[in-house]
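Asks: Here it is: the structure, laid out below.
Nothing in this text is a laboratory measurement; each read-out follows from the coordinates by a stated rule. The structure displayed is predicted, hence computed values, not measured ones. All Cβ positions, glycine included, derive from the backbone under ideal geometry; neighbour counts span all protein chains shown.
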Amino acid sequence: MKISAIIPMYNSNKTIKSTIDSVLNQTYKEPIEIIVVNDGSTDGCEKIVEEMILNNQTNRIIKLINKPNGGVSSARNIGIKKANGEFIAFLDSDDIWHPQKLEICLKTMGRYAINFLGHNYTLKDNTKIIYDFGTYKLKKIKTIEIFLRNFAVTPSIVIKRDFIEFFNEDMNYNEDHELWLRLSFKTDIYFLDVPLVMIGRPLLTKGGLSGDKWKMRKGELQMYRNIIKYHKKLIIFYPLLIIFSLGKHLCKMIEQFYFKLRR
């Protein structure tokens, strides 16, 4: 099995079919393992997945894992443990992969011997656009850049299994950012500037990936503390990181204040 797609699912009966279909309809021809981890849903979305498994006539393999509710990190971690692919890709249950997502990512990773790749995202439906492989900017992301900001959304990430680690289940915010930062000490990280995933909700909006700004900021500070535990030499930078994080929060608050004044 070349690649496993891990989809955590919680009360996603309105979106999960479209999400899985976006994996089934990939232009990538080899088999794909699709692991849907049902995180204690109560809206019957697991029945939709069960029906898709019964009716699946592609060379993709759909697996459903049911578990008690424990959060998105625990769901992703179970998916990682059960995955058989040489590469692991993440997708959320209200997001849509572009049809060329896996073909472009895996060709890029193979051509440049990349272990960890992220790419751009969009809020608009771009699934009818055809992208030309090799014509988009590939950038190496430095660890310091990931310290300063999360370089990519989770549904854009593809990682070679040999380099994967688990998400921190004690974190409710920035758990993806914290994992990317940890992995940046193990392998080079690259970003492909092409929007190969359509996310279901805008970032920094209520209900979106970064809905509560202050909780996100606290998650960022926790991320810095965790990384310093792994790399104690970085402790001299901790005060600067705190100032930087709180400064970002203050700028956001000022920006919101002026936005309200203009309305």
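Asks: Taking a ≥ b ≥ c as the square roots of the Cα gyration tensor eigenvalues, with a/c under 1.5 meaning rounded and otherwise prolate when a/b beats b/c, else oblate, which class fits the range 69-128?
Replies: In terms of gyration-tensor shape, oblate.
Asks: Provide the three semi-axes, in whole Å and in decreasing order, of the ellipsoid equivalent to the range 3-198 as defined by the square roots of 5 times the Cα gyration tensor eigenvalues.
Replies: Sorted largest first and rounded, they come to 25, 20, 15 Å.
Asks: Now, a different point. Of all alpha-carbon pairs in the range 47-97, indicate the percentage at a distance above 12 angstrom.
Replies: 73
Asks: On a C-alpha basis, how far is the centre of the range 68-107 from the centre of the range 8-49 in Å? Whole number, if you could?
Replies: So the two Cα centres are separated by 10 Å.
Asks: Then there's this: Cα-Cα over 31 Å: which of K124/K160; K14/K139; K17/K229?
Replies: In this structure, K14/K139; K17/K229 lie more than 31 Å apart at Cα.
Asks: Please report C45, C105 as a ranked list, fewest other C-beta atoms within 10 angstrom at the top and most at the bottom.
Replies: C45, C105
Asks: While we're looking at this one, here's another question. Pairs to check: K186/K218; K67/K140; K67/K215. Give those whose C-alpha atoms are more than 32 Å from each other in this structure.
Replies: Violating the 32 Å limit, Cα to Cα: K67/K140.
Asks: Full-extension gain between T27 and L138, please, as 0.36 nm times their residue separation minus the C-alpha to C-alpha distance.
Replies: 37.9 nm is the gain from fully extending T27 to L138.
Asks: For the pair E145/K82, report the inter-label distance in nm, with labels modelled 7 Å from Cα in the Cβ direction.
Replies: Taking the two extended label points, one gets 3.5 nm.
Asks: Report, ordered by chain and residue number, the aspartates and glutamates lying within cross-link reach of K101, taken as a straight Cα distance under 19 Å and ignoring same-chain residues fewer than 8 apart.
Replies: D21, E30, E33, E86, D92, D125, D132, D193
Asks: Between K47 and R201, what FRET efficiency comes out of the Förster formula 1/(1 + (r/R0)^6) with R0 = 25 Å and r the beta carbon distance, rounded to 0.05?
Replies: Working: r = 24 Å, r/R0 = 0.95.
After rounding, the FRET efficiency stands at 0.55.
Asks: Just how large is the dipole of the range 1-124 about the Cα centre, in debye to the nearest 20, putting +1 at every Lys and Arg Cβ and -1 at every Asp and Glu Cβ?
Replies: 320
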